Structure formats: structure tokens, C-alpha cells
1. Run through the DSSP bridge list for the chain and note the antiparallel percent, rounded to the nearest 5.
2. Could you order the peptides 173-183, 214-224 from most to least packed, using the average number of other C-beta atoms within 10 Å per residue?
3. Along the Cα-to-C-beta direction of residue 343, a point sits 7 Å from the Cα; which residues of the range 295-315 have their amide N less than 13 Å from that point?
4. Over all distinct Cα pairs, what is the inverse of the mean 1/r for the range 2-54, reported as the Kirkwood hydrodynamic radius in Å?
5. Any number yet on Rg/Rh for the chain, C-alpha, Kirkwood?
6. How many percent of Cα pairs in the range 244-322 exceed 21 Å?
7. What is the sum of charges around residue 164, taking Lys and Arg as +1, Asp and Glu as -1, for the other residues whose C-beta is under 13 Å from the C-beta of residue 164?
8. Give me the base-10 log of I(q)/I(0) for the range 157-355 at each q in 0.14 Å⁻¹, Debye formula, one uniform scatterer per Cα, rounded to two decimals.
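The values are calculated or read from the model by the stated rules, or taken from the named source; none is laboratory data. Keep in mind that what you see is a predicted model, and the values were worked out from it rather than measured. Here the Cβ positions follow ideal geometry from the backbone for every residue, glycine too, while neighbour counts run over all protein chains shown. Just so you know, the surface numbers come from the protein's heavy atoms only, side chains and all, with ligands and any DNA or RNA stripped out. Shrake-Rupley method; radii C 1.70, N 1.55, O 1.52, S 1.80 Å.
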Amino acid sequence: MKIKKYCVDTVQEGMLQIKKELGPEAVIIESRKVREKGFRGLFAPVKVEITAAVDTPVRQQPVAAARQPDRQEERLQSEISELKQMVNQLVSRQQKQNIEEKGPFYRWMQRLIDNDVDPALAQQILTEIHEDFAAENALSDEVVELILQKKVREHLRTADVPDTSRVLTFVGPTGVGKTTTLAKLAARFALYHNKQVGMITIDSYRIGAVEQLRTYADITGMPIEVVMTPKDMTQALERLADREIILVDTAGRNAKNSMQVSELAVFMEALPAPETFLVLSATTKTRDLQQIIAKFSKVNFNRLIFTKLDETETFGALLNVANTSNLPITYLTTGQNVPDDIENATADKLAKLILGVEQNV
Ligand SMILES: Nc1nc2c(ncn2[C@@H]2O[C@H](COP(=O)(O)OP(=O)(O)OP(=O)(O)O)[C@@H](O)[C@H]2O)c(=O)[nH]1
Ligand SMILES: [Mg+2]
């Protein structure tokens, strides 16, 4: 309904104007004589005020116009999702900023990365801690360090060899310290645990390599068997039947040479339920360590030994490897001295080394 007032001189004039403007459907609701207000109105002619009205039916919208709201809705939706994206970006930036703002957290993350911990793993560890302790605004550096040590311990495993293990085998790349580590352990088992120790070497590869182990055997009076083919293994084991512990040395294999590793696997199959150590040098880069682990998986090793801790300043690679392989680290070696420079790996010591809070290997 449209309502309009007209102020005209005569009713006829009003009717004409109404028809013209509101159309023939318009009806007059009211008409009255009016005089202009004020002094001038006293002398002005009387006018007619007509109120007219017309029904305005809801006009059908054209089809295209009807779709308009849909398009608007689409635009709205896309604006909303853009906004959502922006908010998400802001939140993740904020999270990162939180780590940055919380001084100790950020400093420790940098420190882990400086110690060769994989940056993604360092960020993950610090984010986990930050989420757990976000409410604690005033964590001192010492408290953050303790929390972090605990967190690092959770990302690695250590485990001693069970007392029941009889055959221990040492595999790994060339020159990492397999033979030296074996000699250290042989002496420890004999001296500290009063065990009857025997040795086998399948180091038929390198001239002089057998001699290295034979020298240790001669000094300690332990029997040693040299195995040249997989078939020889059974007889060697029989000859060492009275031994409580048998340590098996192998020639270092180039992890890039799959043939060499496969050959070793054939020898290993002849051994009864061995504990097999993959011996790795702490001085090797993470990427190379990962490749060595992948290549040696053919020989089914179940434990790790890290050697040459005395030759590096940073221990992040140990955490990277322990975290991805999920294998227990059993021994750490810290020098060339037989039998002294070896210790059982503990999560506590490793965490301190990885965080760089303990340099003393
Ligand atoms: N600094 C240091 N040197 C070590 C350690 N362990 C072994 N070595 C030295 O590393 C060198 C190689 O040691 P080996 O025991 O012969 O190494 P391997 O793995 O048996 O070598 P291949 O049989 O040739 O594959 C020797 O000079 C060892 O004295 C260690 O923990 N620290
Ligand atoms: Mg050797």
C-alpha cells in the first residue's frame, strides 16, 4: 500500500494528479479543506488536502534477480573461508611467537638444532612442552632444562643385554670400532662378570683383520674361531659349546654395497638367536646413519652401539636415529682404550649429551 498526500486548489486538480502519479487504481482516503498556517494564511485562498492510496502488489522478481542471493551467499562463503584461513595462519604464527616470546623455550630449541637435532624434531619437542606448560608463565631456565631432559629421554630408548643372551654379534660399516668394542666387552664379561667368553670372527675379508682379534684373544687367553664360509659356523659353535658368551666379529661392510650386506646376512642366519648390534660412529651425519640403518636391516640387528663419542662435540644425531628407528641403544664407547672406554648407555646420560648440558663423555 502506498499512501500520499496532495495539497491542491480544487478536488478535480487533485484527482488528475493522483491518477497520473498513482495510477487508475488509486483511491482517495480522505479530503479536507486546509488553510496555510500563519499570518499569510489568513489572506490566502483555502486549499484542498487529499490523501490517496494505492495497493502495490509484490512484483515477481525476474529469474536472474532471484539467483542474486545465491551468488551473494557464495561470495560470503568464500570470504568466510578466506577469513578462516587468515585466522589459522595468525594462530600458528602466534604459537610460534609464543615459543619465541617464552625465552627459555626458544633458546633451547635453537640449542637442540645447534647440537644437530633434526629441526622438525626439535620444534616438535618444544611445542609439546610449550603446550603442556603454556599456563606457567614464569618457568625458570633450570626448570625448562629439566622438563626438556625428560622429554628427550622419552624420545629414545636404552636397554641392557639380558643376562640370558649367549651370542652377541657386531655388524656395521667399516672402521667404526666393531672389533675394538667387542674386545672391550669380552674383557668386561670375563673380568667383571666371571663369564667364560669365546670369540668368532667372520672377518675373512680383510688381510690382518683376523690378527687384530687374535691378538686380543691371545692376551686374554680366550678361544677364537675363524669362520670363512657360512657352513663353518656350525662347527665353530660346537667347538665353543662350553662358552657362556660368544662374541661374533664381522668385517665392516660398505652400507652402499648391498651385495656385501646380503653376504653377511647369510653368515648371520647360521647363528642361534643372536643379539645383534649395529655399531655406529657418533661422528657420522644423521643422513648417512639413516642410510646405514636402512641397508643393514637385512641382517636383523636389534640394538645400537654408538662409538667414538669422544670424537664429537654434538650428539643430536643419536637422538634423530633413536627416535626414527625406535631401537634401544645399549653401549656407548668413548675412546680407544681396551677395556676401559665403554659404558652402558643410559637415557639420562644421553639426554644430557644431546642437550649439551654435559660435555664430559
Ligand atoms: N676415538 C675413538 N676411537 C675408537 C673408538 N672405538 C674404536 N676406535 C678406533 O677406531 C679405529 C677402528 O677400530 P676397529 O675396531 O678396527 O673398527 P672396525 O669397525 O672393527 O673396523 P673394520 O673391521 O675395518 O670394519 C681404531 O683405531 C680404534 O682404536 C672410540 O670409541 N673412540
Ligand atoms: Mg674390525
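1. Antiparallel bridges make up about 40 percent of those DSSP assigns within the chain.
2. Per-residue mean Cβ counts within 10 Å order the peptides as 173-183, 214-224.
3. Zone members listed by number: 309-310.
4. Here the Kirkwood hydrodynamic radius works out to 11.5 Å.
5. With Rg and the Kirkwood Rh in hand, the quotient comes to 1.61.
6. 31 percent
7. -2
8. Those come out to -0.76, one per q.
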